[in-house]
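The values are calculated or read from the model by the stated rules, or taken from the named source; none is laboratory data. As the structure is a computational prediction, the values presented were derived from the model and not from experiment. Cβ placement follows ideal geometry from the backbone for every residue including glycine, while neighbour counts extend to all protein chains displayed.
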Amino acid sequence: MSSDGIVSGGALMGGGYEDWSLAGWRTHVPDAADVREYAAGLGDQSVPGLAATAASRFPRRVAVTVDGEPLTHAALDEESGRVAGWLARRVAPGDRVLLAADASLGFVRCYLGALRAGAVVVLANPGYTAAELRHLVADSGAVLAFADREPAGRLASLGPALGLAVADVREPPPDAAPLTGIAVGPDDPALLAYTSGTTGRPKGVPLTHRQVAVSVRAVMAAWRWQADDVLVHALPLYHQHGLGGLHTALFAGSTVHIRSRFSAADLVQAAAGTRASVLFAVPTIYQALAESPAAQAGGLHGLRLAVCGSAPLSPALAARLPPVLGRLPLVRYGTTESGLDVSNPLAGPRADTLGVPLPGVLARIAAADHLAAPGQDGEIQVRGPHVFTGYWNDPAATAAAFTPDGWFRTGDIGAVDPASGHLMIRGRTKEMIISGGLNVYPREVEIALESHPSVAEAAVAGVPDERWGERVTAWVVLRDRRGFDEAALIAHARTVLAGYKCPKRVFQRAELPRNQLGKIVRSELR
């Protein structure tokens, strides 16, 4: 580690990936006397246990607002206790409870109340079709659902066949006595989260209270989170990015202001009006903020930290953000199965890397039959107390997800920069294009195309081809009033990339297909 606290490439070259990971821990928590002992203590309480501790310390502080409607830590403790008491007469500890709703105070109290009663929360996108909800209910074995009106109607049609009771997420339980105490410990299951399904059918990911707490508290330590921090975001709570923002308030006794719908002007106004110190967002939101007059006027300059995740941040967009945010966004990396694994250091973040391993996370880069040398591409693999132990009722997928020596295979390709010691990501193994026998990472081609002045954003995928096996193909969204010139874009790519990496065809689109967190759904492009 260098004198300024940033990990150097020598940590990897001199001592291997464990030393590199430990050097990352020391970068994030330089004041910890023993980083191993510090990391081990991050999962010592359950999610509702941490929330109850915060409520006892800061009872009158606002814990959460949704679209301006507030709930203090004490009120949330009381209301979630009533939900827990109501649930305790209907479900047993370990039963699955589906939560299919947009952000609301009802979502928050039902989520925390279900955990407090010992139930396992199954997170569901409220926009799912009846068929998608049927898969989640049937696969998880959920016995009860809290839902908004529209998904409640779809779930009610499934209820008789699947034995599912449905309750209104926004209505407090009538005349329910609060549950005294907390029915769970750190190693009990907390969540059954489902993968995004961008590369196949969603798989269930069971996470314990310890795994959730370790992941969130590690980044809170790395980002110097304090009880007086104020977070603002417009991310869905049914995804762990947005839910993680709620967890910061529950764990630290701080405040989170959530907008249930995103607009750039509204988010800027919310940040300025609440004197927010932290913003969580995804690249599509940062793209909108970069173009927002309210943000360009300095409405976000009060932030001490702006975090970016869930999808890759392009260099072109990153370069536009410091005048808008007053700083570069801090890029971090994680997966549904392993929580948050890697983050840029709070001091001196870079937009072109993912950063270094967070406290408790051991990470490595594995090539075909050996560990990759600095600068060599390979699969990112992780292990630690934050990592799940296997997919829900899917032993075959579980076996494929772990190496023989117990490391979780993220499916992402990366490399460690020998100069900085930071992790760089190339793309997904399942997205990799094999053209003429050579490997092409779509993200590298997308970055090359996005460096052209006419391109706002690009997506790249492989299309079956008799000659090449797969043909590198691109789809682009143009900047306002720019003309589309396929030949010029291909020629530009050839000035940046080797010929085999360059797209054979480029198509124009009004927008790219994305999921709720801004990840490109490449199957729809093909």
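Could you run through segment 479-508 and say how many residues are of a type outside the set (A, V, I, L, M), surrounded by 16 or more Cβ atoms within 10 Å (Cβ to Cβ) and assigned to a loop (DSSP other than H, G, I, E, B)? Looking only at that region, the number is 2.
All conditions in (1) under 24 Å from Ala63 (Cβ atoms); (2) surrounded by fewer than 23 Cβ atoms within 10 Å (Cβ to Cβ) hold for Ala276, with the sole exception of (2).
Only one of these is of a type in the set (Ser, Thr, Tyr) and farther than 13 Å from Trp86 by Cα: Thr180, Thr129. Name it. Working first, answer last.
Values: Thr180 fails: farther than 13 Å from Trp86 by Cα.
Only one candidate passes the filter, namely Thr129.
In segment 307-321, is there at least one residue being farther than 22 Å from Ile447 by Cα and buried (at least 24 other Cβ atoms within 10 Å of the Cβ)?
The initial filter retains those residues of segment 307-321 that are farther than 22 Å from Ile447 by Cα, namely none.
For segment 307-321, residues farther than 22 Å from Ile447 by Cα and buried (at least 24 other Cβ atoms within 10 Å of the Cβ): absent.
Could you tell me how many of the residues in segment 452-478 are surrounded by fewer than 13 Cβ atoms within 10 Å (Cβ to Cβ) and outside any strand (DSSP E or B)? Give the derivation first.
Taking segment 452-478 first, the residues surrounded by fewer than 13 Cβ atoms within 10 Å (Cβ to Cβ) are 453, 464, 466-467.
In the following step, the residues that additionally are outside any strand (DSSP E or B) were identified as 453, 466-467.
Adding up the residues that qualify gives 3.
Summed over segment 1-53, residues that are at pLDDT 90 or above and assigned to a helix (DSSP H, G or I) total 19. Filtering segment 131-176 to residues that are of a type in the set (A, V, I, L, M) and modelled with pLDDT under 85 leaves Leu158, Ala161, Leu162, Ala176. Can you find a residue in segment 89-97 that is buried (at least 19 other Cβ atoms within 10 Å of the Cβ), under 21 Å from Pro186 (Cβ atoms) and of a type in the set (Lys, Arg)? Scanning segment 89-97 turns up at least one residue that is buried (at least 19 other Cβ atoms within 10 Å of the Cβ), under 21 Å from Pro186 (Cβ atoms) and of a type in the set (Lys, Arg). Residues in segment 285-302 that are of a type in the set (Ser, Thr, Tyr) and within 21 Å of the chain's Cα centre (by Cα): Tyr286 alone. In segment 390-411, the residues that are farther than 25 Å from Arg426 by Cβ reach residues that are of a type in the set (Phe, Trp, Tyr) and surrounded by 15 or more Cβ atoms within 10 Å (Cβ to Cβ) with C-beta atoms within less than 6 angstrom, at least six apart or across chains, in these pairs: Thr398/Tyr391.
Being of a type in the set (A, V, I, L, M, F, W, C) and assigned to a helix (DSSP H, G or I) is the filter; apply it to segment 158-186 and report the residue that is surrounded by the most Cβ atoms within 10 Å (Cβ to Cβ). Lay out the reasoning, then the answer.
The initial filter retains those residues of segment 158-186 that are of a type in the set (A, V, I, L, M, F, W, C), namely 158, 161-162, 164-167, 169, 176-177, 179, 182-184.
Within this subset, residues satisfying the condition of being assigned to a helix (DSSP H, G or I) are 158, 161-162.
Working: Leu158: 18, Ala161: 10, Leu162: 15.
Top of the filtered list is Leu158.
The residues on offer are Thr398, Thr389, and the sole one that is assigned to a loop (DSSP other than H, G, I, E, B) and more than 27 Å from Val331 (Cβ to Cβ) is Thr389.
Only a single item in (1) in contact with a Gly (Cβ under 9 Å, 6 or more places away or on another chain); (2) surrounded by 16 or more Cβ atoms within 10 Å (Cβ to Cβ); (3) at negative phi is not met by Ala419, and it is number (2).
Screening Ser260 with (1) surrounded by fewer than 21 Cβ atoms within 10 Å (Cβ to Cβ); (2) touching a strand residue (DSSP E or B) at 6+ places or on another chain (Cβ under 8 Å); (3) in a helix (DSSP H, G or I); (4) not aromatic (Phe, Trp, Tyr) gives one miss only, at (3).
Would you pick out the residues in segment 280-302 that are part of a loop (DSSP other than H, G, I, E, B) and surrounded by 21 or more Cβ atoms within 10 Å (Cβ to Cβ)? Steps first, please.
We begin by selecting, within segment 280-302, every residue part of a loop (DSSP other than H, G, I, E, B); these are 282, 291-292, 297-302.
Listed by number, the residues that qualify are Val282, Gly299, Leu300.
Return the residues of segment 422-434 that are in contact with a helix residue (DSSP H, G or I) (Cβ under 6 Å, 6 or more places away or on another chain) and touching a residue at least 60 places away in the same chain (Cβ under 8 Å); say none if nothing qualifies. Matches in segment 422-434: Glu431 only.
When each of Leu155, Leu112 is tested for being over 24 Å from Gly245 (Cβ atoms), outside any strand (DSSP E or B) and touching a residue at least 40 places away in the same chain (Cβ under 8 Å), the lone residue that passes is Leu155.
Counting only residues that are assigned to a loop (DSSP other than H, G, I, E, B) and touching a helix residue (DSSP H, G or I) at 6+ places or on another chain (Cβ under 8 Å), which one in segment 205-230 is surrounded by the fewest Cβ atoms within 10 Å (Cβ to Cβ)? Reasoning before the result, please.
Step one: of segment 205-230, the residues assigned to a loop (DSSP other than H, G, I, E, B) are 223-229.
Add one more test, that the residue is touching a helix residue (DSSP H, G or I) at 6+ places or on another chain (Cβ under 8 Å), and what stays is 225-227, 229.
On the way: Trp225: 21, Gln226: 12, Ala227: 14, Asp229: 21.
Out of the qualifying residues, it is Gln226.
Selection of first residues in segment 131-144 that are surrounded by fewer than 18 Cβ atoms within 10 Å (Cβ to Cβ) and of second residues that are not in a helix (DSSP H, G or I), restricted to Cβ pairs under 7 Å at least 6 apart or on distinct chains, gives the following pairs, ordered by first then second residue: Gly141/Arg96. Here Val121 fulfils each of the conditions (1) part of a helix (DSSP H, G or I); (2) in contact (Cβ under 8 Å) with a residue 12 or more places away in the chain apart from (1).
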